[in-house]
1. Please pick out the residue among 372, 379 that is out of contact with any helix residue (DSSP H, G or I) (no Cβ under 6 Å at 6 or more places or on another chain) and either surrounded by fewer than 17 Cβ atoms within 10 Å (Cβ to Cβ) or in contact (Cβ under 8 Å) with a residue 60 or more places away in the chain (or both).
2. Of 150, 176, which residue is in a helix (DSSP H, G or I) and buried (at least 24 other Cβ atoms within 10 Å of the Cβ)?
3. Exactly one condition in (1) assigned by TED's automatic domain parsing to the domain that holds residue 119; (2) modelled with pLDDT under 85 is false for residue 37; which is it?
4. Looking at 352, 415, can you tell me which residue is touching a residue at least 12 places away in the same chain (Cβ under 8 Å), buried (at least 22 other Cβ atoms within 10 Å of the Cβ) and touching a helix residue (DSSP H, G or I) at 6+ places or on another chain (Cβ under 7 Å)?
5. Do you know which of the residues in the stretch 316-331 that are within 20 Å of residue 404 (Cα to Cα) and touching a helix residue (DSSP H, G or I) at 6+ places or on another chain (Cβ under 7 Å) is surrounded by the fewest Cβ atoms within 10 Å (Cβ to Cβ)?
6. Go over the candidates 164, 156 one by one and state the one that is over 24 Å from residue 366 (Cα atoms), modelled with pLDDT under 90 and not assigned by TED's automatic domain parsing to the domain that holds residue 367.
7. For the stretch 78-94, indicate whether the set of residues that are assigned to a helix (DSSP H, G or I), modelled with pLDDT under 80, more than 17 Å from residue 187 (Cα to Cα) and under 18 Å from the mean Cα position of the chain (by Cα) is non-empty.
8. When you scan the stretch 254-261, do you find a residue that is surrounded by fewer than 23 Cβ atoms within 10 Å (Cβ to Cβ), modelled with pLDDT of 80 or more and closer than 30 Å to residue 395 by Cβ, even just one?
């Protein structure tokens, strides 16, 4: 007799569970994937337009390149303040404010009357984007299970890349049809529209906070003291060191980066062939990034990260040989494909590790510090490449990046070790 009520209860619970999962997927799409696509689309739309827009202010090529540096500098500067605000005032406020600030900066870019104004507004835009990224990573760490966080984080980076792929075409067409300022207006509109659903579906997830009351006054001093001290506890310093070295090696692939520079000087390659090659790698990389998230959730974080960092180092060694020998352009293409495929495998991986070890009451500060470390690594790649190329040539520069990737793999394998708890 007892089996019948139990079976009936199970049959009634199944539709409710399915409805709950569907609602969860919808909320994840509206709060994570939709803003990620919009931010990626906006970044992509600006990419082909910015050099021409900067040129319209009659500045040199070297000075014009600062429009890209300004955005990265804004993200670097925002990392720690954003992390502190996330822990002090809650995730939701920062998560919603970031895209609004980024959209406002895009509108301001469209009104720029001088190159200085353009740099300031690009800096503000980078600040806003970093606020969204740090807060979203923190929310995933708060709410995601240890067997789902890798997929959530890699999907955020993978889906954002979809927007970045389609953005350049849209931005170029808009600029050709309506002028150089219009793509930035569209960027702002798209970002604002994408964040609107988040105002309704995102809830506060921070420990000791509530959406209505904010942080508990009696808990705030203890949490603040604990949060800063906890960032020095093992394995966090080793993780940040590995993260810096990993992003230094991967920085060679960022936006083409130093690989485009090498191809232009060593093979006199034009932007068309390199652009097509880079776009093809981006398309191929999306499923690789998503697959890496599944593998990390299923078999452990190190199953992709340690081999990936080792392969990145090996790829840079191969490119060093290509430069020193020197080998043909075909050999360069092999190396280019090699490191870009590996980069896709590693996209979001350090953030996944971070979500496992981030202190509960310091997650905002943790991810803020982590993003600052990543930005420092990405900026170190072109800087080290410029210095070493000037002193010893391209081969030495690639060997340095190879060493960064290799040491990162060793730190992760023997010091940080596996962070996913066994079942």
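The values are calculated or read from the model by the stated rules, or taken from the named source; none is laboratory data. Small disclaimer: the values here were computed from a predicted structure and weren't measured. All Cβ positions, glycine included, derive from the backbone under ideal geometry; neighbour counts span all protein chains shown.
1. On inspection, the qualifying residue turns out to be 379.
2. 150
3. For residue 37, the failing item is (2).
4. Residue meeting the stated conditions: 352.
5. Taking the stretch 316-331 first, the residues within 20 Å of residue 404 (Cα to Cα) are 316-324.
Still in the running and touching a helix residue (DSSP H, G or I) at 6+ places or on another chain (Cβ under 7 Å): 316-320, 322-324.
On the way: 316: 26, 317: 19, 318: 19, 319: 29, 320: 21, 322: 24, 323: 22, 324: 14.
That would be 324.
6. Being over 24 Å from residue 366 (Cα atoms), modelled with pLDDT under 90 and not assigned by TED's automatic domain parsing to the domain that holds residue 367 holds for just one of 164, 156, which is 164.
7. Taking the stretch 78-94 as the starting set, the residues that turn out to be assigned to a helix (DSSP H, G or I) are 78-89, 91-94.
In the following step, the residues that additionally are modelled with pLDDT under 80 were identified as none.
Among the residues of the stretch 78-94, not one is assigned to a helix (DSSP H, G or I), modelled with pLDDT under 80, more than 17 Å from residue 187 (Cα to Cα) and under 18 Å from the mean Cα position of the chain (by Cα), which makes the answer no.
8. No - not one qualifying residue is present in the stretch 254-261.
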